[in-house]
Amino acid sequence: MSIVIENLSFTYGKKSPFEKKALSDVSFTVNDGEFVGIVGSTGSGKSTLIQHLNGLIKLTSGKITVDGIDLSARKPDLQKLRKKIGMLFQYPEYQLFAETVLADVKFGPKNFGAKDEEAEKMAEEAIKMVGLDFEEIKDRSPIDISGGQKRRVAVAGVLAYKPDILILDEPTAGLDPTGKRDMLDLISSLRSSGAVKTVIMVSHNMDEIAEYADRVIALSNGRLVSDSSTEEFFYDSDVESLNLALPHAVYITKKLAEKGIDLSAKPLSLSEFNEALRRKLSLGEGGAL
Amino acid sequence: MTKDIVFGQYYPASSFIHKLDPRLKLFAVLVFIVSVFLCDIFYAYAACYAFLLIVILVSRVPILSVLKTIKAVLFIVFLTAVLNIFFYKEGNVFWEWEFLRITDEGLLYAAKMALRIIFLVVSTSMLTFTSTPMALTDGMESIMKPLKIIRFPVHDVAVIMSTALRFIPTLLEEVNKIVMAQKARGAHFDNGGLVKRAKALLPVLIPLFVSTFRRADELALALDARCYNATPNRTKMKPLHFSWRDLVAFFCLAAFLTIIILLKLGFFGLV
């Protein structure tokens, strides 16, 4: 189930006045079961990279293999590939089109060859998985439901065909704080329940990446500039030089260290930071700060 | 798929042709189209070809980009040529079967018709290659000014046109995004019969309509918030000027038209 990328380069509008190099010589491997965060400032090539993984952009230079499917082949089996990889774009609610929520979620399974009844069952499962009331919502129009619900329906539309790998492009963009939290909890529960194996998440929000990803890949001007564990990335590399902000937990820990207060821990989320601080102040489990 | 659309695209460069007044260019395209229809002998076509070639070379638009615009209409060119070859009745017959016949005059006529279509497409795309959409609408607004006398809302129409043009790339981008999202969910767009293909477009068209209305609403709000109204006497950021370049181009155009008319009248004794 691994994804192997070797020397991937891509240029938009080749040989036109609008020519723009988007990726140059990117190589990395995503192993089965990993949660990989892809970070980089706007225009660093993140979107181009993930669109390649799903065969949405034709490979022009380099090699990509997804679970044995070679994308540099002359005619790779794109349907098989796309069934394996669920891709959730930015603002996925703008792709909803059907008359009812159920019909929209069924779209994926039916395209991948499921019979109507089967597709309906898969859709029901997916709608329940994203925490929506199936009976209540299935016959409503996807245009009339609330923003948060739309986003969930769009996620269900991807989960319905049971992909092994989930690729998310800014899944929390435009959601309110509760919506953000719910979305991220949903993604991590999908992974822990085994509904999806591997998750690749593109995000500008470093707190989300730090808290959820196991590994971080950083892009800058189309080049891979860092590929390391989340802890190494935020504590040992120069994150700010990539025009990215540090996660809050990391920022405070580093500031404290500058003032001579060593937490002797490398917290990535605020709850981990809390825990480290408690230990430092010898307050023990559950003690008041 | 949307990336292949070349027709109607601006090619940024800073050539003599690019710097011409858009009004003159609009007028020149009109004159050229009329000339193409005045042509009847091959020498006249050669003159048109030479004129167009000079314009392309001076404009520094790569020949390849220009040829791509022909590719888009190649089917129509081919179809007209074939129809003309088989259904032209006069001239010496080369081959005949039932109602189909190929004659020498038919072949010539077909070649001329094909050339006409190619000239029309290339000349209009030279206009869009060398003028920004904004310049074109400004030019049209200026040309339409006399219509104000009959209370035609010239400025409103110009604003509507420039807004529409402004949104073409945005909507193309939107289409691209939606197509990608639906492809990721396994949608096919390029197989099956006509009905199946049309149906396959629904998952793209519906979200596109929804987002177009949303965008229109947002734009209207943004215009309102900045107190925009289409007052008739707004000043321009880049007012149009008729410069020495336009004068030179005008005389070249006049010379070209004269040659075409003289050829038409048989002045040079060429047939």
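The values are calculated or read from the model by the stated rules, or taken from the named source; none is laboratory data. Just so it is clear, the structure is predicted and the values come from calculations on it, not from any experiment. Glycine gets a Cβ as well: all are built from the backbone with ideal geometry, and neighbour counts include every protein chain shown. Keep in mind that these areas ignore ligands, DNA and RNA; they rest on the heavy atoms of the full protein, side chains included. Shrake-Rupley method; radii C 1.70, N 1.55, O 1.52, S 1.80 Å.
A few notes on this one:
- 3J(HN,Hα) along segment B:78-95, derived from phi through the Karplus expression 6.51 cos²θ - 1.76 cosθ + 1.60 where θ = phi - 60°, amounts to 4, 4, 4, 4, 4, 4, 5, 4, 7, 10, 6, 8, 7, x, 6, 7, 8, 7 Hz, with x in place of Gly and Pro.
- The orientation-averaged shadow of the Cα convex hull for chain B, equal to a quarter of the hull surface, comes to 20.8 nm².
- For segment B:196-271, projected area of the alpha-carbon convex hull averaged over all directions, nm²: 13.0
- Cα-based convex hull, the protein assembly as shown, per residue volume (Å³, whole number): 242
- Surface share of carbon and sulfur [accessible, 1.4 angstrom probe, percent] for the protein assembly as shown: 61
- Here is the interface size for A with B: some 1900 Å² of accessible area buried, both sides summed, with a 1.4 Å probe.
- Taking θ as phi - 60° and the Karplus parameters 6.51, -1.76 and 1.60, the scalar couplings of segment B:208-223 work out to 5, 4, 4, 6, 5, 5, 4, 4, 4, 4, 5, 5, 4, 4, 5, 5 Hz in sequence order, x denoting glycine and proline.
- D_trans [Stokes-Einstein, Kirkwood Rh over alpha-carbon pairs] for segment B:146-225, 37 °C, 0.692 mPa s, µm² s⁻¹: 216
- Accessible-area rank, largest first, for A:THR198, A:THR60: A:THR60, A:THR198, with all protein chains present and a 1.4 angstrom probe.
- B:ALA13-A:ASN31 FRET efficiency (beta carbon distance; Förster radius 60 Å; 0.05 resolution): 0.80
- Accessible area (Å², 1.4 Å probe, nearest 10) - A:ARG82: 10
- Put simply, the amide H of A:ILE38, placed in the peptide plane, has neighbours under 5 Å in A:MET201, A:VAL202, A:SER203, A:ILE217, leaving out anything fewer than 5 places away on its chain.
- Note on A:THR178/A:PHE18: beta-carbon distance plugged into 1/(1 + (r/R0)^6) with R0 of 60 Å gives a FRET efficiency of 0.90.
- Both the radius of gyration and Dmax for chain A are 20.6, 65 Å, in that order, over alpha-carbon atoms.
- Distance violations [Cα-Cα > 28 Å] among A:LYS128/A:LYS180; A:LYS20/A:LYS75; A:LYS75/A:LYS110; A:LYS75/B:LYS177; A:LYS46/A:LYS138; B:LYS71/B:LYS148: A:LYS46/A:LYS138; B:LYS71/B:LYS148
- Measuring only protein heavy atoms, the 1.4 Å probe finds B:TYR43 accessible over about 120 Å².
- With Cα atoms defining each centre, segment A:146-213 and segment B:135-163 are spaced 49 Å apart in the structure.
- Spacing of the two label points (7 Å from each Cα toward its C-beta) at A:LEU78 and A:ASP133, in nm: 4.1
- B:GLU174, A:GLU136, reordered so the largest accessible area comes first (probe 1.4 Å): A:GLU136, B:GLU174
- Simple spin-label estimate for B:LEU223 and B:GLU90 in nanometres, 7 Å along Cα-Cβ: 5.3
- Shielded by partner chains, segment A:68-83 residues - at least 30 Å² of accessible area, 1.4 Å probe, vs chain alone: A:GLN79, A:ARG82
- Gap separating the Cα centres of segment A:30-78 and segment B:86-121, nearest whole Å: 52
- Computed magnitude of the charge dipole of the protein assembly as shown (debye, nearest 20; Cβ of K, R +1, Cβ of D, E -1): 1940
- Chain B: relative contact order in percent, alpha carbon pairs under 8 Å with at least 6 residues between: 28
- Residue-averaged 222 nm ellipticity for chain A, from DSSP H runs of 4+ at -39500 (n - 2.57), nearest 500: -11000 deg cm²/dmol
- Shielding by partners - mean other protein chain Cβ count within 10 Å, residues of A:156-165: 1
- Peptide A:85-94 has a mean of 3 when you count, residue by residue, the C-beta atoms of other protein chains within 10 Å of its C-beta.
- With DNA, RNA and ligands ignored, accessible area of A:GLU125 (1.4 Å probe; Å², nearest 10): 80
- Sorted largest first by accessible area at a 1.4 angstrom probe radius, with every protein chain in place, the residues A:SER271, A:SER27, A:SER226 fall in the order A:SER271, A:SER27, A:SER226.
- Relative contact order of segment A:12-127, defined on C-alpha pairs under 8 angstrom at six or more residues apart (%): 13
- Surface accessible to a 1.4 Å probe, per residue, for the residues of chain B, Å²: 62
- Distance cut-off 18 Å, percentage of C-alpha pairs in segment B:14-58 lying past it: 34
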